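Only the coordinates and a few stated rules stand behind these numbers; no lab work does. A quick note: this is a predicted structure, and the numbers were derived from the prediction, not measured. Cβ sites come from the backbone with ideal geometry, for glycine too, and all protein chains shown count toward neighbours.
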Amino acid sequence: MQGTILSKQHWFLILTLTLLTFVLGTSEFVIVGILTDISSNLHITNAKAGTLVSAFAITFAITTPLVMSATSHFPKRKWMLFLIGTFIILNALCVISTSYFMLLSLRMITAIVTGVLISLAMIVASETIPITKRGIAISCVFGGFTLANVIGVPIGTVIARWYDWHATFLLTTFLGGVAFLASILNLPNKLSQYRSSMRDQFSLLTHPRILMAFFIPSLGFGATYAVFTYLVPILKKMDAPSSSISLILFGYGFISIFSNILAGKIASHNAIGRLRFVFLVQAFVLICLYWTTNHFIFGLINIGMMSLMAILLTTSTQLYLIDLASIYQPKATGLAASLMPVASNVGIAFGSALGGIVYHQGPLMNVTLVGGLIAFFASLLTFLSHRLDRQQMKLV
């Protein structure tokens, strides 16, 4: 594994893990596109249907670290195949779901399975790909989520419009089956296993360096979602035609594909050092949006830049958390791999909530200033973490 050229086996594994995250992302995010169909069919309010989204996110964030800690000694290949099989069954049951309570229960269990599978996919990519190519591998795996938003969710939404929302879960069930077959063929047999107590695992979360690394992506995602959550009202303020908003949102998602590619390049060398300046640029882009939205074309360019900056942090912070765990608690790398997805959910919740408070207290465009300020704090935290890394290297 010391070479720098990826073999066909490596690429097949990367494509399999990317397919897996695409399927998981489509299942998680598509609920937003079919929310009104669900509320109408089950005779519930849109607000109640919205709890399907929040319950998924909360369950994901709380249970993923717990399950990863409890199952760290499980054989990874068999465990992943079991979880993918469970995912298929859960989505198949959603197809025949006839009540809100049944659908909510299935979505919460699916959130547990999703969180663990995402974390395991990151670990497998990190462990089996040559170290000089880990950034590319992890960025491809994260890219599955980007493609889910750009391709999977629109297709699932269209299927719900043509038939009904149950048919959308037929799609995710079928995609899960494809991911299962690909995983059988390409997941390696020899993967690391660590036996350690839950106490040893969670001792990782008490380490100041791990906590600091955790809040870097939390603030990064918080900065984006303080603004992105209210992007449609911002577009309306820019006098964007209602018929063009969906196209603009698609363009936003399409640009994020390039953000994901750049994320892999940033992670290839001195990742945390580079991220210090990435967050400063993100802060500048978000703050500029306060003024550029007064001009439609400049505003669209600025929103495109916002999308480009949105997920540059993902690959670097994912690998950084795993690398820090290998130093401070080697038996807890599985738990460390789960922290990045949890941090992103924390950041999304925090950013959208803070943006909501600002939106309702004053002019809409103040959310861009708040987003810029959060990104600035992310930069400060990254500067501090990078400085501590350099100090530690001098001591070694």
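Order these by the 10 Å Cβ neighbour count, fewest first: Ser268, Ser27. Before the final figure, lay out the partial values.
Values: Ser268 16, Ser27 30.
Lowest count first: Ser268, Ser27.
Could you give the size of the charge dipole of the chain about its Cα centre, using +1 on the Cβ of each K and R and -1 on the Cβ of each D and E, expressed in debye and rounded to the nearest 20?
On the way: 22 positive and 8 negative charges, 191 e Å.
So the dipole magnitude of the chain works out to roughly 920 debye.
Let me confirm the definition first: pairs of Lys residues in the chain, 8 or more apart or on different chains, C-alpha distance under 25 Å. How many are there?
Number of lysine pairs found: 14.
Can you put Thr293, Thr206, Thr146 in order of Cβ neighbours within 10 angstrom, beginning with the fewest?
Working: Thr293 22, Thr206 9, Thr146 27.
Ranking Thr293, Thr206, Thr146 by Cβ neighbours within 10 Å, fewest first, gives Thr206, Thr293, Thr146.
How far apart, in nm, are two points set 7 Å out from the Cα along the Cα-to-Cβ line at Gln361 and at His295?
Here the answer is 3.2 nm between the modelled labels.
Based on the alpha-carbon gyration tensor of region 199-395, what equivalent-ellipsoid semi-axes (square roots of 5 times the eigenvalues) come out, in whole Å, largest first?
Values: eigenvalues 214, 52, 44 Å².
Semi-axes from the Cα gyration tensor: 33, 16, 15 Å.
Restricting to Cα pairs below 8 Å that are 6+ residues apart, what does the relative contact order work out to for region 8-193? Please round to a whole percent.
Value for region 8-193: 45 percent.
Once fully extended, how much extra length lies between Ile151 and Leu384, figured as 0.36 nm per residue of separation less the alpha-carbon to alpha-carbon distance?
Details: separation 233, 0.36 × 233 = 83.88 nm, distance 3.81 nm.
Between Ile151 and Leu384, full extension yields an extra 80.1 nm.
Between (1) 97, 44, 42; (2) 64, 41, 41; (3) 56, 51, 39, which entry matches Cα extents along the principal axes in Å as derived from the coordinates of this structure?
(3)
Can you give the percent of C-alpha pairs in region 8-193 whose distance is more than 30 Å? Walk me through the numbers before you get to the answer.
On the way: 3091 of 17205 pairs.
Looking at region 8-193, the distances longer than 30 Å represent 18 percent of pairs.
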